[in-house]
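One structure below.
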Ligand SMILES: Cc1cc2nc3c(=O)[nH]c(=O)nc-3n(C[C@H](O)[C@H](O)[C@H](O)COP(=O)(O)OP(=O)(O)OC[C@H]3O[C@@H](n4cnc5c(N)ncnc54)[C@H](O)[C@@H]3O)c2cc1C
């Protein structure tokens, strides 16, 4: 343990943020991190608990508490405190292939389960992680380390999101020859074409992918497996195939007037903006613009928040975010104690920006769309919203949202973005592999296994568990790699 009284001596200090009205002028990352010395003090706040919930990654009340990667949090906090940055990097890399991604986008399940956070402020685990990885790049020890021996076995991975990249990294380090097939023009999955640049600068992905290329992984972009390449040809050429195709089928809104022009799925909107930003600095105009428009986002979650931040940067006239559920409490409810995941109100960066820009929170709770209205050219120009209220179904005992009669209201809407979640693997991928799926639309596996119903075909990430988090995708990528390695070699020392 670093400093036994650290948590008493030092207050939590996390990265500062560029002011909302300033940062909306561009798509740059906006966190201003502490100096190394200041970060070391934050490392000193870790209490090195006997039972470190921060690294547990266990399910409590149906939600994950602590890091799903089982990052050795107290150990690297201690190494940060003592200034052993290189060793801290080695410790972090043992469990996490991509701290450069998680230290930017992870909701930090570790911090929510930190014992310091039980009564006060948790340790800045995510910022400590950011310090470790960025220091490793700066000092030049986050470099390519190709495997010394090759096994002669070949593995194909479909999809280059965090699960595919983690599986590729693990299997390549083990000495297998790995090829990653990606239908997009850039590597990264939703890291690249989902999460906006201000949250994760795309140069950070390229920096890591270039190292992975140097280490011997082959990346084939612009290849849509199931369309450009037949699964049977993959099975002929590769010893094992892993599907990491994500859960990209969006949930639609079935309301009257849905065929109006100007209604898009959130990921299409976000990905087009990022592609245009990267291709031409938005000069090519190949994106869906919110400029001067009244934007309505259906879905109050994180994807909706990314749409809020993007629409504001594009110059939206107004932004409204509709959420079906009631607003969560500001503080933990009694039935949601530490170290459970806190079900509390979170005001994310996009919502902060909307408040600064328009003077109010863009979120409207317990509300959904009843009808989309069009102008004479078929463009959406207004929507009718309707209020919902929570009710317990007397037959099932389950909570459901029911319509409040007479609560209809019309609001202006020139651009509507649907961020209502995802319902599983895209149909053509399932059909081309003839693989079994679950009733939730994800590819089916046996309990405790990543093997599918098809011999030599495995699946990981959102493609298996449904839309989730980057940290879970990395964990699944690591676990599928271990299972595939065992199937190829008869044993595995991968962790
Ligand atoms: C807008 C948005 C914001 C998010 N923000 C966060 C966040 O801040 N923090 C967080 O932890 N999580 C976030 N998530 C969730 C997170 O991004 C995902 O859980 C994670 O990326 C899943 O990783 P994956 O590798 O399983 O799949 P994906 O990242 O979806 O990658 C799948 C890849 O497979 C490719 N592919 C699919 N089919 C084929 C095919 N047939 N042939 C070739 N390639 C194919 C796709 O093009 C894609 O690149 C966000 C999700 C969205 C939608």
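The values are calculated or read from the model by the stated rules, or taken from the named source; none is laboratory data. In this text, all values refer to a predicted model and were calculated from it rather than measured experimentally. Reconstructed Cβ throughout: ideal geometry from the backbone, glycine too, with neighbour counts over all protein chains shown.
Give the residues of segment 289-319 that are out of contact with any strand residue (DSSP E or B) (no Cβ under 6 Å at 6 or more places or on another chain) and outside any helix (DSSP H, G or I), sorted by residue number. Hits for segment 289-319 are 289, 291, 292, 299, 301, 315. Here the helices (runs of 4 or more DSSP H) wholly within segment 80-123 that include at least 2 residues being more than 16 Å from the ligand (Cβ to nearest atom) are 85-95, 116-119. Taking segment 59-79 as the search range and keeping residues that are modelled with pLDDT under 95 and not in a strand (DSSP E or B), which one is nearest to residue 478 (Cα to Cα)? Result: 62.
Only helices (runs of 4 or more DSSP H) whose full extent lies in segment 424-495 are considered here, and the ones with at least 1 residues that are within 13 Å of the ligand (Cβ to nearest atom) and touching a helix residue (DSSP H, G or I) at 6+ places or on another chain (Cβ under 6 Å) are 427-433, 470-489. Which members of segment 162-188 meet the condition of being under 22 Å from residue 230 (Cβ atoms) and either crowded, with 24+ Cβ neighbours inside 10 Å or near the ligand (Cβ under 7 Å from one of its atoms) (or both)? Passing the criteria: 164, 167, 168, 178, 180, 181, 182, 183, 184.
Take residue 227 and decide whether it is near the ligand (Cβ under 8 Å from one of its atoms), more than 20 Å from residue 478 (Cα to Cα), buried (at least 18 other Cβ atoms within 10 Å of the Cβ) and in contact (Cβ under 8 Å) with a residue 24 or more places away in the chain. Outline the logic, then answer.
Values: near the ligand (Cβ under 8 Å from one of its atoms): yes; more than 20 Å from residue 478 (Cα to Cα): yes; buried (at least 18 other Cβ atoms within 10 Å of the Cβ): no; in contact (Cβ under 8 Å) with a residue 24 or more places away in the chain: yes.
Judged against the criteria, residue 227 is not a match.
The residues of segment 230-252 that are assigned to a loop (DSSP other than H, G, I, E, B), on the phi < 0 side of the Ramachandran plot, modelled with pLDDT of 95 or more and crowded, with 19+ Cβ neighbours inside 10 Å, listed by number, are 238, 244, 245, 247. Hey, could you check segment 135-161 for residues that are within 30 Å of residue 16 (Cα to Cα) and out of contact with any helix residue (DSSP H, G or I) (no Cβ under 8 Å at 6 or more places or on another chain) and say which is surrounded by the most Cβ atoms within 10 Å (Cβ to Cβ)? Across segment 135-161, the extreme among qualifying residues is 138.
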